[in-house]
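As structure tokens, the structure follows; a few thoughts come after it.
Laboratory data are not the source of any read-out in this text; all were calculated from the coordinates shown. Here the structure is a predicted model, which means the values were calculated and not measured. Cβ coordinates were reconstructed from backbone atoms using ideal geometry, including for glycine residues, and neighbour counts include every protein chain displayed.
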Amino acid sequence: MKRRSYIWTTVILAALLIPAGYGYVSWSKSGAGAGLYSRHWEPEPAFSYWHPERFYDSVDTVVGTFEGQQCVTCHEGATPGIVKDWQASRHAQPAEGQPVYCSACHGNDHEQLRMPTPAVCGTCHEQRVAELEDEKRFGFPSHALAMERVLDAKHFVDKPKAEVTACLQCHSVATKCDSCHTRHRFDPAEARRPEACLTCHSGPPHPDDETYFQSAHGQLYRRHGGDWDWSKPLAAGNYPAPTCAYCHMRNGKHQVADKSIWKFGIVQVNPLTSNNEVKRQEWLAVCSDCHEADWSAAQLRGLDAERKRAWHPLHTAEGILKGLRADDLLHPAAGERPPYPADGLDRIWPRARIGFYEGQASAFYNVSPIERDYFEMWYFDSLDAYKRAAHFAPERTDEAHGRLEQDLRALQNAAEDLRELGAREQRELGGRSIPGEFWNRGAYTDLNRERN
Amino acid sequence: MKRRSYIWTTVILAALLIPAGYGYVSWSKSGAGAGLYSRHWEPEPAFSYWHPERFYDSVDTVVGTFEGQQCVTCHEGATPGIVKDWQASRHAQPAEGQPVYCSACHGNDHEQLRMPTPAVCGTCHEQRVAELEDEKRFGFPSHALAMERVLDAKHFVDKPKAEVTACLQCHSVATKCDSCHTRHRFDPAEARRPEACLTCHSGPPHPDDETYFQSAHGQLYRRHGGDWDWSKPLAAGNYPAPTCAYCHMRNGKHQVADKSIWKFGIVQVNPLTSNNEVKRQEWLAVCSDCHEADWSAAQLRGLDAERKRAWHPLHTAEGILKGLRADDLLHPAAGERPPYPADGLDRIWPRARIGFYEGQASAFYNVSPIERDYFEMWYFDSLDAYKRAAHFAPERTDEAHGRLEQDLRALQNAAEDLRELGAREQRELGGRSIPGEFWNRGAYTDLNRERN
Amino acid sequence: MKRRSYIWTTVILAALLIPAGYGYVSWSKSGAGAGLYSRHWEPEPAFSYWHPERFYDSVDTVVGTFEGQQCVTCHEGATPGIVKDWQASRHAQPAEGQPVYCSACHGNDHEQLRMPTPAVCGTCHEQRVAELEDEKRFGFPSHALAMERVLDAKHFVDKPKAEVTACLQCHSVATKCDSCHTRHRFDPAEARRPEACLTCHSGPPHPDDETYFQSAHGQLYRRHGGDWDWSKPLAAGNYPAPTCAYCHMRNGKHQVADKSIWKFGIVQVNPLTSNNEVKRQEWLAVCSDCHEADWSAAQLRGLDAERKRAWHPLHTAEGILKGLRADDLLHPAAGERPPYPADGLDRIWPRARIGFYEGQASAFYNVSPIERDYFEMWYFDSLDAYKRAAHFAPERTDEAHGRLEQDLRALQNAAEDLRELGAREQRELGGRSIPGEFWNRGAYTDLNRERN
């Protein structure tokens, strides 16, 4: 009888809590902002294009409904640049049927204009949008989840708006199509070229620009790319050297996440799971357009070795940090740091977290200097080493590993300093000194919010 | 009666001192070098092209006067590259009238050749040179004042010649026209392309290259720029994406300083003065070639926010340094550092100066390490953050602000070290130790001069 | 009589030892790897293309001998990319005679395929390969010695294979021709363009990419290079601006080492030896295609000054390190470090070596932190300063010298810390503490080998 009452309690609690949970999340997402923390922040007017569905408010300076050539006539004077682009596009000169006029995408009521989302583009380009959506099955990193990932990060709420601008600009790849298909020409020939990717895929978090263009592949593109026939589909033999899309978007497939084995190098994966073996075969099919399959397979095993090599200093560094924490030498420690405003749980149960292993978001901000150094090592330097190796940027791979070693050395030095300081404080003060005002207030919390 | 004598004394003193001042400055500028400190240094032969009016001495290996085709005939053998360039230029094939031969710009006496200054080019291209000169009204940063700015800086005199070479090369934009209009083709189509700007506008002091080419604007140029018709003027609708000159030199106007609101981000300005509101309208007119005016205005407000955000860590850092100075913890302090050789006043009245606020030039060299760190933070890192935001280099803006926070953290650590060291010295030595030889002698003063 | 016995002893010893030495070296080189330490390591399958003579094993998945069109027919399906490249090449469509089919270079037995070495290419392109080989007379840096240089370095053996991958990729320029002549088109027009060089010539060890493209020369190429006629030989007047090959491979000569005066800036040379004066004249002949000879000579003297300037902080730093070593403050010192596995002599006679002066290879790894900092300063930062100046990258030269000064300051600070630490250890412990485990085990020795 007792057992049955447990079952009933569980069923009743589930029946109450699951809908309550859904309700809470739904309520959370219904604020002025977007994402899980939408009630804690508001978008700026500058953000409007980047999440058109949530952030865009129509201009109301012009009244009336307009269609077809009417929009064009007026905008030839108002914004000539984009009209010329549209006129040169297939939208204006379709192979068959009527032109796709402004109103098809933006609506025709000038007080209720919209900026097109993938759903809008998907009314005609159904397959491509479906492929993009399909990325979600593979988790992050992926384009389709990019906006969610940023909006649902706790530190996003605390971040100064001036910096959020930068985040949203790239992560908007999930919420609109013109990140790659520059408006208003939308020529696939344009999106096939590597530059379409590089506005976002450059710099420390994803140095694809730097690494591709340093490779023999990239140098071939730099030399001859201007003369290639970009109207051809991304199929075997159509291009004399590979580009971003040639390898990652084979035959134009808008699903980039399904071949990802090493996940940017920031997660330690087992490259030899059966799942990853399947992906490996897909990569080999691409490489074999030009290379011996055996040799290509050896290169992929080279990437396994590169990652194995990179995780050694990372694990050593992680061990050092855990040792410091065990000896109460990481300050501000959990509980000394201001909790994220969005996170009531952190107030009740403060947790110390190191790097990716124990909580990615928490490693960006509001951590002690040595934890931040580890973050840099893990996120930027290790990722860089991976991208260099994966894109065959020869000179730079060696350099990147040298940097990981230097990071580790610096971390070891800093750890020794912390241990010495701790010993001295114990000796001279009988305990540790009060941590500095700066970190307790938090550069990214109260201080910034008041200046945002 | 007493009052009248004051007036007379003032009048007489003014009558003596004002001309004496002018006379002194004029005498100062008449040395072998150029600028206010011309009597303290001499140009190297390698500098000759960069300030042709002051530094160029004609070669005297060929005797005689030559004109027109005569120069061409001989130089086809001697320097074929530039002759081919000239032959392809409008100077060689003008729409009407006679060709502009070598002698028109260089003179015809081979022992008295000159390298053309803007004044020489201005004999035909009057309006463009007048526009350049007009920049001077707007102060620095400006092209027209670039050479003055470098020549009149105290540290210029102390700097090793090998480094001055680098300074002069870019700052010569004020003293000759071929910084942008590469000799000897001088095709406007060439100067319109962003590369004309990027020889100088790249790297830490003005990362326009890096930031423009990372933006969607720059990526469009990278993809398609080779196919655009560069013979078209820089007017609305003529180009599918903006370039340096498209935005900054609208309709080819050679006056780049008049739209400058945030001044490279190195000066804290009020962006909302009526003056700056006027400039803002001019920017909006440019953006509206392609973008909604409302959205563009929001982007400009975004830049206001970015600067506001950047000045917070900068002000904090400045406060830390002032505190250290008040407690006599900045060494070498003013008076301990070797004065610039050019500066008698510094010998009599040594002043400590922090960063831009209290004296820009003094922050480059001959300061204590922590002051130099502040300089790096203020000048390079903050400027970089601004340029990234202003040119819409999305990924990099966030990173740059992260760097400013890291700079501040490092500065705070260094300040704590200095305070601890000061306390220990007080305790153990009853005062501070003698500052190191290195800084007292000065890496950029006596030591370098003897090796120059 | 005594004298005669000395002579005989010497003769007999020489007769025994010289062949023994040759024998030892020959035995050393006959291991699974390559180079002097070939018995201490094995190549990975991923390395196979990079030293085809030593590392390449034919695929054995296809049996039979094939010739001419047979190979093409099958590979049109198997590896369409390279077949298309070959079809567009002069090999497929020679001006006269028969096509050069796959088998001419790769052999015709599919179980005994080879990847072509310079010797294979040299059967037709005799002069070019002879020119490459001729580089060896001029020592390193040179292309022809690149592979030897890396294989014969002690630290190469200890290096993780994942990093060796990166080394070999560039250094394979000595052992195969497709580093520059991208397979399988092999169009000289392609190899003439700067991108052919930049896969390797970029990044810290040889920032030619970064410095050339920042110069006025490079910006001209960026703007117009796409429109130049690259089928023309690299001769005076054929190109409107210089490229890597235009200056360094005049008239297509495949000998790049014979004009090298400053040797990458990493060796302090006397630029005024008669030998270097001859090289200077050759440079002037190149510059004079476009520039006044006097002015060009002044630029070369500017480079002398730049190097003189750079060696000042380097010498100061070297002096600091020698002082520390004399006072037993460099740890791990020689003898505390693990010897390279290849080096029995180091076990018997451990030597401390600082930077280039006392042993280049030893400065990369297994040295104390401050020695490594000096290495960075000497190798990367000074080399960078040189390349910036030599390629006329104006903005960056000044910055690079600023960095050398900062390096020196950091080194001075670190040296003071070491001295203070040493004094404290002497006072408190009566000697120095046991050096850390990390360096004694050696990140690049036992630890890495077990993970390789």
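Listing for the model above:
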item	result
Paramagnetic reach from A:Lys136 (point 7 Å along Cα→Cβ, amide N under 17 Å) across the range A:160-184	A:172-177
Rounded FRET efficiency, nearest 0.05, which uses the C-beta distance separating C:Glu416 from A:Ser26 and R0 of 45 Å	0.15
Relative packing of peptides A:7-15, B:323-331, B:99-107, B:190-198 - highest average C-beta neighbours within 10 Å first	B:190-198, B:99-107, B:323-331, A:7-15
Gyration tensor (alpha-carbon) shape descriptor, the range A:26-142, a/c threshold 1.5	oblate
Position B:Thr10, label points 7 Å along Cα→Cβ, spacing to each other copy in nm (shortest first, one decimal)	9.6, 9.7
Exposure proxy ranking, count of Cβ atoms within 10 Å, fewest first, for C:Tyr212, B:Tyr246	B:Tyr246, C:Tyr212
Proximal charge balance of A:Leu132 [Cβ under 14 Å; K/R count +1, D/E count -1]	-3
Order of A:Val72, B:Val120 under a 10 Å beta carbon neighbour criterion, fewest first	A:Val72, B:Val120
Rounded to 10°, Cα long-axis angle of helix A:69-78 versus longest principal axis of chain A	60
Calculated label separations, C:Gln87, copies of the chain, 7 Å along the beta-carbon direction, nm	3.9, 4.0
Cα long-axis angle, helix A:161-171 against chain A (0 to 90 degrees, to the nearest 10)	60
FRET efficiency, 1/(1 + (r/R0)^6) with R0 35 Å, evaluated for B:Ala285 and A:Asp227 via beta carbons	0.40
Chain A - Kirkwood radius from inverse mean 1/r over Cα pairs (Å)	25.5
Charge-dipole axis of chain C as Lys and Arg at +1 and Asp and Glu at -1 on Cβ define it, positive-most pick from C:Leu284, C:Val267, C:Gln70	C:Val267
7 Å along Cα→Cβ, label-point gaps from B:Gly139 to other copies, nm, shortest first	5.6, 5.6
Helical mean residue ellipticity (222 nm; -39500 (n - 2.57) per DSSP H run of 4+; nearest 500) of chain A	-15500 deg cm²/dmol
Residue of chain B whose Cβ sits closest to the axis mapping B onto C, with distance in whole Å	B:Gly226, 3
Among the listed pairs C:Lys308/C:Lys387; A:Lys29/B:Lys308; B:Lys154/B:Lys322, those beyond 20 Å (Cα-Cα)	A:Lys29/B:Lys308; B:Lys154/B:Lys322
Cubic angstrom per residue, convex hull over Cα atoms of the range A:141-291	133
Sorted by Cβ neighbour density within 10 Å, fewest at the top, the residues A:Glu425, C:Glu420, C:Glu306	C:Glu420, A:Glu425, C:Glu306
Cα-based radius of gyration of the protein assembly as shown once divided by 2.2 N^0.38 Å, which approximates compact folds	0.98
Computed over chain A: relative contact order in percent, which uses C-alpha pairs under 8 Å that are six or more apart	14
Helix axis angle, A:2-28 relative to chain A longest principal axis, alpha carbon, degrees	60
